[in-house]
Amino acid sequence: MNTAEALVDFVRIWFMIGGVVAAFFLVIGIDRIDEDARGAYVFRPLIVPGILLIWPLVLWRWWVLETGRDNPDARFHPVRSAHGVAAFSMAIIITVTVIIGLSNRQEWPADFEPVRLSAPEGTSQ
Amino acid sequence: MSVKYVPVQWNKNKWYYNFFMVAGVAGFLFLFLYVSPQLLSHEKSINPQVHNARAFGACAFLMLSIILCIGPLARLDKRFLPLLYNRRHFGVMTAFVALTHFGYILDWYFAFSKSSKYETLIFSNTSYGQIVGFPFEAFGLIALVSLLILATTSHDFWLKFLTAPVWKRIHYLIYVAYISVAAHISLGILQDQQNHAFTAIFLVAALTVISLHVIAFLHERKSGDPKAQSDTDGWVRVCEASEIPEARAKIAVLPNGDRVAVFRMDNKLSAISNACAHQNGPLGEGKILRCLVTCPWHGFQYDVRSGRSPAPFTEIIPTYKIAVRDNVVLVDPNANPPGTYVEPVEVPA
Amino acid sequence: MKKDTTPFFVGYLKPAKKLRSFLLAVGVGLALLLTTFGIVIGGTQDDPGYGSFRFDYGPQTVSGVVEMLPYPILHVTDGNERVPAGETLMLTAGGKTGVAQRAARFDGKKVKATGVVLERGALNMLQLRGGKRGLDAIDGEEATAPTPEPLGKWKLAGEICDGKCLAGAMRPGRGLAHKACAALCLIGDIPAVFVSTKPVEGADFLMVLGKDGEALPKAAYDYIAQYISVEGDITRHGNLLVFTIDPGTIEVLE
């Protein structure tokens, strides 16, 4: 149960850090790195849940953009070739999982008759 | 597309889209939740919490299956592209339906004990070493977290902030989610139930999804974009000029793996990157509308000569130097910086 | 290149007429398909069994003798119409918690117990009210628990569950989808129950204990909700059969 507590604490801390990152990013960062966000405030709460979940990525991109390390050409390299890997992995893993699942499925042993292995001590059958 | 971000962009087509989506989900849930109990001739009824959890769980699975069919269907038949247009709303709704399923399960099977329900979710069943009786909830949790990441990063801000390739890589989590859901179901409810109607529906849905993806992949390999052939001075041959219809493009894969789209507008050719600045949609499969290249995915537009979106929009994409020799279209595979103007090359009609 | 005649769709423009009818068909088709699945999946769910809380009886007060097995049971001596004398009830608290600690000091003593009955055929459980209102000694009255009657060593097939969900606290309250919940109840000291494929000496449900008469051993937890065969001694306590299993003999059935 300590593992469970530790894991739940980990998630809680993850979200707490995410909350701090969200506050700083949405108040300070977003205006600095995205001109489309300047003067746009209503959409910002919508961004919060995403930051809570993937805040390390947010910090990384913020740093990349803030320090001018962004490679503008990198935006134009779609990841199309990954579809084949995804499609076949999905097909194989799902097929295998379903087969494993269904072939191990148990049926209620309705015909099993209780067996008396021995009589209680001190009695005879 | 917007100059300033807004929470949700709406237009008439999105309303229609959401109408059908909500109608399907509402129809599913209404019949499952309120009509099906009357059909079941159980002496004692199923607990409402379990009944609700099943309704939302099955609904989320079917929604996810439909969502996963949209991509390959649109590749195989362009008439399905409109289903792609507002897919993110479908995805966000699926995440909410899945979250509701999670909520009912958590507040029923994992509640009412002395420990917190989040902890009990982790420690109640730890039989990880076996197939039958495996804590299948873990797969559900993986799927849910994946769906939540997808839903919460669906705003256009994230596309621009993370860049389309990074965003797309994150959104490959949809496959992780579907695999996990399939495992969650296979090791969960399929082990348990005696009536196999859902098993059959599950198998048909999963089989449809995986076959469509494999078929779309094979189709793409067979009749996908051709490779550009190398020519002199490091330039490459894309196609014959006469092959490009007015207002449309021919796409070719460059030696570095990027794709160039060569458009014909008023019998002049221009070459731009095939990747839309928004979500890296295939611009070359789009069309020139009112002098602007229009992306087939979400309708982002660019001036074909400069790769710039019309004001007030600010998106820019790379352009390519282009030449025509003996009716053969040649491009320099080294892309110009995004937004660089290139004089179009005149060709006969 | 073959001519592409598909009307070009732009999200923020009105679709071409040809495309509109196609999209209408797809939209209506998908909505109808989902709706149909709603009734098909919802209408083909398994029967969750006939156990339930008997809130309709109202709170029941009976007296009897507590026996710690170590799961506490109550041999009813003064019953009522709903819970007659001679009945043996498993005891539990609200939620996923047993009452072993509360009941221990009343072991072998006569008590008054008040609570809600959970009933599934011959399986009876009493969910006690809190504190003394739920369980309190009756001073000055003597009573003894019935002498346990050994019934020999048996091999049974079936499923280990938690007695409370099985008795009807949850419907369905057994099976693999419910495994984690059953384990949670058992961790909370709710009596473990074995569901036998066929009645043993007239009982489908037996309280299940470890080899030395302790609460369900951890070694058996992996097998909760699976269909297994297992060996152990059966003893009759009042009208409740108690199955002390040897986890080493557990076999997972095909």
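The values are calculated or read from the model by the stated rules, or taken from the named source; none is laboratory data. Since the model is a prediction, treat every value here as computed from it, not as a measurement. Ideal geometry is used to build each Cβ from the backbone, glycine not excepted, and the neighbour counts take in all protein chains shown.
Screening C:Gly140 against (1) assigned to a loop (DSSP other than H, G, I, E, B); (2) within 21 Å of the chain's Cα centre (by Cα); (3) small (Gly, Ala, Ser) leaves a single unmet condition, (2).
For the stretch C:185-243, enumerate the residues that are small (Gly, Ala, Ser), within 14 Å of chain B (Cβ to nearest Cβ) and in contact with a helix residue (DSSP H, G or I) (Cβ under 7 Å, 6 or more places away or on another chain). Passing the criteria: C:Ala219, C:Ala220, C:Ala225.
Return a yes/no flag: does the stretch B:90-110 have any residue that is facing chain A (nearest Cβ under 8 Å) and either outside any helix (DSSP H, G or I) or without any contact (Cβ under 8 Å) to a residue 60 or more places away in the chain (or both). No. The set of residues in the stretch C:50-84 being among the hydroxyl-bearing types (Ser, Thr, Tyr) and closer than 13 Å to C:Lys112 by Cβ consists of C:Thr61, C:Ser63, C:Thr77.
Can you tell me which residue among C:Thr144, C:Thr114, C:Thr92 is touching a strand residue (DSSP E or B) at 6+ places or on another chain (Cβ under 7 Å), farther than 25 Å from C:Ile245 by Cα and modelled with pLDDT of 95 or more? None of the others qualify; the one that does is C:Thr114.
Would you say C:Ala122 is surrounded by 15 or more Cβ atoms within 10 Å (Cβ to Cβ) and not assigned by TED's automatic domain parsing to the domain that holds C:Gly98? It is false that C:Ala122 is surrounded by 15 or more Cβ atoms within 10 Å (Cβ to Cβ) and not assigned by TED's automatic domain parsing to the domain that holds C:Gly98.
Of all residues in the stretch A:96-117, which are of a type in the set (Ser, Thr, Tyr) and either loosely packed, with under 12 Cβ neighbours inside 10 Å or more than 7 Å from every other protein chain (Cβ to nearest Cβ) (or both)? Residue satisfying the conditions is A:Ser103 alone. Taking residues in the stretch C:153-167 that are over 20 Å from B:Phe112 (Cβ atoms), and partners anywhere that are modelled with pLDDT of 95 or more and of a type in the set (Lys, Arg), the pairs with Cβ atoms closer than 6 Å and at least 6 places apart or on different chains are C:Trp154/A:Arg116. Taking the condition surrounded by fewer than 22 Cβ atoms within 10 Å (Cβ to Cβ) and over 20 Å from C:Gly49 (Cα atoms), does B:Gly71 pass? Yes; evaluated as a whole, the condition is true for this residue.
Checked against the criterion of being facing chain C (nearest Cβ under 7 Å) and either touching a helix residue (DSSP H, G or I) at 6+ places or on another chain (Cβ under 6 Å) or modelled with pLDDT of 95 or more (or both), the candidates B:Arg79, B:Arg87, B:Arg75 yield just one match: B:Arg79. The criterion of being outside any loop (DSSP other than H, G, I, E, B), more than 12 Å from the chain's Cα centre (by Cα) and modelled with pLDDT under 95 holds for C:Lys132.
So that you can scan it fast, the table gives a plain yes or no per residue for (1) without any contact (Cβ under 8 Å) to a residue 40 or more places away in the chain; (2) of a type in the set (A, V, I, L, M):
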site	(1), (2)
B:Ala23	yes, yes
B:His42	yes, no
B:Gly57	no, no
B:Ile70	yes, yes
B:Ser113	yes, no
B:Glu119	yes, no
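Residues in the stretch B:147-173 that are touching a Gly at 6+ places or on another chain (Cβ under 8 Å) and either within 9 Å of chain A (Cβ to nearest Cβ) or aromatic (Phe, Trp, Tyr) (or both): B:Ile149, B:Ala151, B:Thr152, B:Thr153, B:Ser154, B:His155, B:Trp158. Scoring C:Thr6 on the criteria (1) at the interface with chain B (Cβ under 7 Å from one of its Cβ atoms); (2) in a helix (DSSP H, G or I); (3) β-branched (Val, Ile, Thr) leaves a single failure, condition (2).
Does A:Asn71 qualify as being at pLDDT below 95 and more than 21 Å from B:His278 (Cα to Cα)? No; evaluated as a whole, the condition is false for this residue.
Can you spot a residue in the stretch C:207-214 that is among the β-branched types (Val, Ile, Thr) and within 20 Å of B:Ser113 (Cα to Cα)? Looking through the stretch C:207-214, none of the residues is among the β-branched types (Val, Ile, Thr) and within 20 Å of B:Ser113 (Cα to Cα). Pick out the one residue from A:Ala86, A:Ala40, A:Ala74 that is within 7 Å of another protein chain (Cβ to nearest Cβ), within 30 Å of B:Ala261 (Cβ to Cβ) and out of contact with any Pro (no Cβ under 7 Å at 6 or more places or on another chain). After ruling out the rest, the residue left standing is A:Ala86. A single entry from A:Arg69, A:Arg61 fulfils the requirement of being more than 19 Å from B:Leu147 (Cα to Cα) and either of a type in the set (Gly, Ala, Ser) or surrounded by 12 or more Cβ atoms within 10 Å (Cβ to Cβ) (or both): A:Arg61. If you go through the stretch C:154-181 and keep only what is aliphatic (A, V, I, L, M) and either at the interface with another protein chain (Cβ under 8 Å from one of its Cβ atoms) or within 18 Å of C:Val252 (Cα to Cα) (or both), you end up with C:Leu156, C:Ala157, C:Ile160, C:Met170, C:Leu176, C:Ala177, C:Ala180. Please enumerate the residues belonging to the stretch C:17-59 that are more than 7 Å from chain B (Cβ to nearest Cβ), small (Gly, Ala, Ser) and outside any loop (DSSP other than H, G, I, E, B). Result: C:Ser21, C:Ala25, C:Gly29.
Quick check: is even one residue across the stretch C:88-111 more than 13 Å from chain B (Cβ to nearest Cβ) and of a type in the set (Asp, Glu)? Yes, because at least one residue in the stretch C:88-111 is more than 13 Å from chain B (Cβ to nearest Cβ) and of a type in the set (Asp, Glu). Restricting B:Tyr128, B:Tyr178 to residues that are facing another protein chain (nearest Cβ under 7 Å) and either over 30 Å from B:Gly299 (Cα atoms) or assigned to a helix (DSSP H, G or I) (or both) narrows the list to B:Tyr178.
Given (1) facing another protein chain (nearest Cβ under 9 Å); (2) within 30 Å of B:Lys44 (Cβ to Cβ); (3) of a type in the set (Lys, Arg), identify the lone condition not met by C:Lys14. Every condition holds for C:Lys14 apart from (2).
Are there any pairs with C-beta distances below 7 angstrom linking a residue in the stretch B:285-296 that is facing chain C (nearest Cβ under 9 Å) to a residue that is of a type in the set (D, E, K, R), with the two at least 6 apart or on different chains, and if so which? Every condition considered, the pairs that remain are B:Lys287/B:Arg248; B:Thr294/B:Lys287; B:Pro296/B:Glu285. The residues of the stretch B:276-319 that are farther than 25 Å from B:Arg75 by Cβ and either assigned by TED's automatic domain parsing to the domain that holds B:Phe80 or not in a loop (DSSP other than H, G, I, E, B) (or both), listed by number, are B:Asp303, B:Arg308, B:Ile316, B:Thr319. Search the stretch B:297-349 for residues being of a type in the set (S, T, N, Q) and out of contact with any Asp or Glu (no Cβ under 6 Å at 6 or more places or on another chain), and hand back the single one that is nearest to B:Leu81 (Cα to Cα). Applying the filter and picking the extreme gives B:Gln301. Applying the selection to the stretch B:213-261, what residues are of a type in the set (S, T, N, Q) and under 26 Å from the mean Cα position of the chain (by Cα)? Hits for the stretch B:213-261 are B:Ser223, B:Asn256.
Restricting the stretch B:3-44 to residues that are within 7 Å of chain C (Cβ to nearest Cβ) and of a type in the set (S, T, N, Q), which is nearest to C:Leu32 (Cα to Cα)? Looking at residues that are within 7 Å of chain C (Cβ to nearest Cβ) and of a type in the set (S, T, N, Q), I get B:Ser36. Taken together, the criteria exclude B:Met63 from residues that are part of a helix (DSSP H, G or I), of a type in the set (A, V, I, L, M) and in contact (Cβ under 8 Å) with a residue 40 or more places away in the chain.
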